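Below you'll find the structure, written out as structure tokens, and then a few comments.
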Amino acid sequence: QLGLGPTEAVTLPQPVSFGRPGDTAAAVSCGSSHTAVVLTSGALLTCGAYDAGGLGQARPSAASAEWPEYEPCDCAKLTSVSVLSPASTPVAAVSAGNLHTLALTRQTHLYAFGAGSWGRLGLGDDNREKPAPTLVKAALHLNITAVSAGFEHSLLLSADGSLYQFGRSGAAYQSTPSPVPGIGPSSGVPVVSVSAGKSFSVACDGGGGVWVWGVMPNGALGLGERDGAKVRSARLPTLVDKLSGRHVIAVAAGHSHIVALASSQLSTAEQMALTQEERFGDVDQDEYDDKPCEICNEKEHPDGSDLAFCDWCNKAFHYACHYPPPP
């Protein structure tokens, strides 16, 4: 998914070659195991794991819209998604999710490809995987300006600040774009930025407020505590009061964390940084510093191996303990 060809893990940034001489990248997006790049020409390139068709590099046959002769394969170099031609369907924005990808053209047409389970592609009753970009007809009238692909759900932002979602929501799902209740112009809260995480979503409104909904098991939604326990879920968009006074202009959701970019010029808070008491998330830095390795129960390893924290369980492991050398 690095686009560097067949290679092992890379620990330092390296330039990635792509396209033809003179081609420049306009936007990038990283999924769980694949990467998507939009060029200034409107071309879309992808690389990484095939995983349910998230690369979008298949081509439908002339006889049907299916792909009977397509052989799924991973791609180690950035390769053009040929169905979306820069001449006829130039891409303006892309978002790579877990096993699916959303591409928005300059004509504001939405294309989806990859895993179709849980309705994450927005194609109605057709929940099969799509190894090539497929037009989301239900979004043609929405005037979409931004897209975000999450783990098993998707978000769309329209020009008037309306927000739509489809895909998994807990044990239920929606298979076509539906308005997100409680937020948007009809609720007096037009949205300017949105991002889909693993099982949660985050948005910021035109007034700089941040809204969250969904589930985040580690309690990092930013909604504080209720009855002595971290609030880990919100059924409807809920304002993050702890960020009051800070005018947020953009948000980004990861697998289990959120980043918000605030404007110091537009904010009214005396201090932009949150105090220790106001901060939210899983654990504070002191708890990280004091944690020993789960395997050897020591803070330091004899060979100086680094202590890392698992994204899933938040437990600490020395690299040498977690991946011991062969005997």
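The values are calculated or read from the model by the stated rules, or taken from the named source; none is laboratory data. The shown structure was predicted, so the numbers you read here are calculated from the model rather than taken from an experiment. Please note: Cβ atoms are built from the backbone with ideal geometry, for glycine as well, and neighbour counts cover all protein chains shown. Each accessible area value is taken on the protein alone, full model and side chains, heavy atoms only, with ligands, DNA and RNA left out. Shrake-Rupley method; radii C 1.70, N 1.55, O 1.52, S 1.80 Å.
Quick one: net charge of SER193's neighbours, Cβ under 15 Å, K/R +1, D/E -1?
-1
For the pair ALA172/CYS296, report the inter-label distance in nm, with labels modelled 7 Å from Cα in the Cβ direction.
Taking the two extended label points, one gets 5.1 nm.
Report the gain in length on full extension from ALA308 to SER32: 0.36 nm times residue separation, minus Cα-Cα distance, nm rounded to one decimal.
Working it through step by step, the gained length comes to 97.4 nm.
Work out the FRET efficiency for SER17 and ALA87 from their Cβ-Cβ distance, taking R0 = 25 Å, and round it to the nearest 0.05.
Plugging the Cβ-Cβ distance into 1/(1 + (r/R0)^6) gives 0.60.
Treating cross-link reach as a plain straight distance, find the lysines whose alpha-carbon is under 27 Å from the alpha-carbon of LYS291, omitting any fewer than eight places away in the same chain.
Once the sequence-local lysines are set aside, what remains near LYS291 is LYS198, LYS230, LYS299, LYS315.
Quick one: work out Rg over Rh on the C-alpha atoms of the range 1-51, Rh as Kirkwood radius.
0.96
Of the heavy-atom accessible surface of the range 135-248 (probe 1.4 angstrom), what whole percent is carbon and sulfur?
Taking all protein chains in place, the range 135-248 shows 51 percent carbon and sulfur surface.
Compare the peptides 48-58, 94-104, 205-215, 229-239 by average per-residue count of other Cβ atoms within 10 angstrom and give them in order, highest first.
In descending order of packing, they fall as 94-104, 48-58, 205-215, 229-239.
So how strong a dipole does the chain carry about its Cα centre when Lys and Arg Cβ are +1 and Asp and Glu Cβ are -1, to the nearest 20 debye?
Dipole magnitude for the chain comes out near 1200 debye.
Compute the distribution of all C-alpha to C-alpha distances in the range 75-218, in bins of 5 Å from 0, and list the percent of pairs in each, rounded to whole numbers.
Taking all Cα pairs of the range 75-218, the binned fractions are 2, 11, 20, 23, 20, 13, 7, 3, 1, 0 percent.
Taking the alpha-carbon set of the range 163-217, what are its Rg and Dmax in Å?
11.3, 33
For the range 154-251, would you read off the P(r) tail past 18 Å as a percentage of all alpha carbon pairs?
Everything past 18 Å amounts to 43 percent.
Name the shape class, rounded, prolate or oblate, that the alpha-carbon gyration tensor gives for the chain, where a ≥ b ≥ c are the square roots of its eigenvalues, rounded holds for a/c under 1.5, and otherwise prolate holds if a/b is larger than b/c and oblate otherwise.
Oblate.
Could you check the simple spin-label distance between ALA76 and ILE249, using points 7 Å along Cα→Cβ, in nm with one decimal?
4.2 nm
Counting Lys and Arg as +1 and Asp and Glu as -1, what is the net charge of the other residues whose Cβ lies under 9 Å from the Cβ of PHE113?
0
Mind pulling up the Rg/Rh value for the range 1-158? Radius of gyration and Kirkwood radius, both on Cα.
Rounded to two decimals, Rg/Rh equals 0.95.
If you project the alpha carbons of the range 87-172 onto their three principal axes, what span does each projection cover, largest first, in Å?
Computed over the Cα atoms, the extents are 36, 28, 21 Å.
What distance in nm lies between label points placed 7 Å from Cα along the C-beta direction at LEU2 and LEU274?
3.3 nm
Skip the ligands, DNA and RNA, and give the accessible area per residue of the chain with a 1.4 Å probe, whole Å².
Spelled out: the 1.4 Å probe surface of the chain, per residue, equals 53 Å².
Gap in Å between the Cα centre of the range 138-157 and the Cα centre of the range 180-226?
Comparing the Cα centres of the range 180-226 and the range 138-157, I get a distance of 15 Å.
When Lys and Arg each count +1 and Asp and Glu each count -1, what net charge do the other residues less than 12 Å away from ILE144, Cβ to Cβ, add up to?
Charge balance near ILE144 sits at 0.
Counting Lys and Arg as +1 and Asp and Glu as -1, each charge on the Cβ, what is the dipole of the range 165-261 about the Cα centre in debye, to the nearest 20?
200 debye
Please give the calculated 222 nm ellipticity per residue for the chain, where each DSSP H segment of at least 4 residues contributes -39500 (n - 2.57) and the sum is spread over every residue; nearest 500 deg cm²/dmol?
-500 deg cm²/dmol
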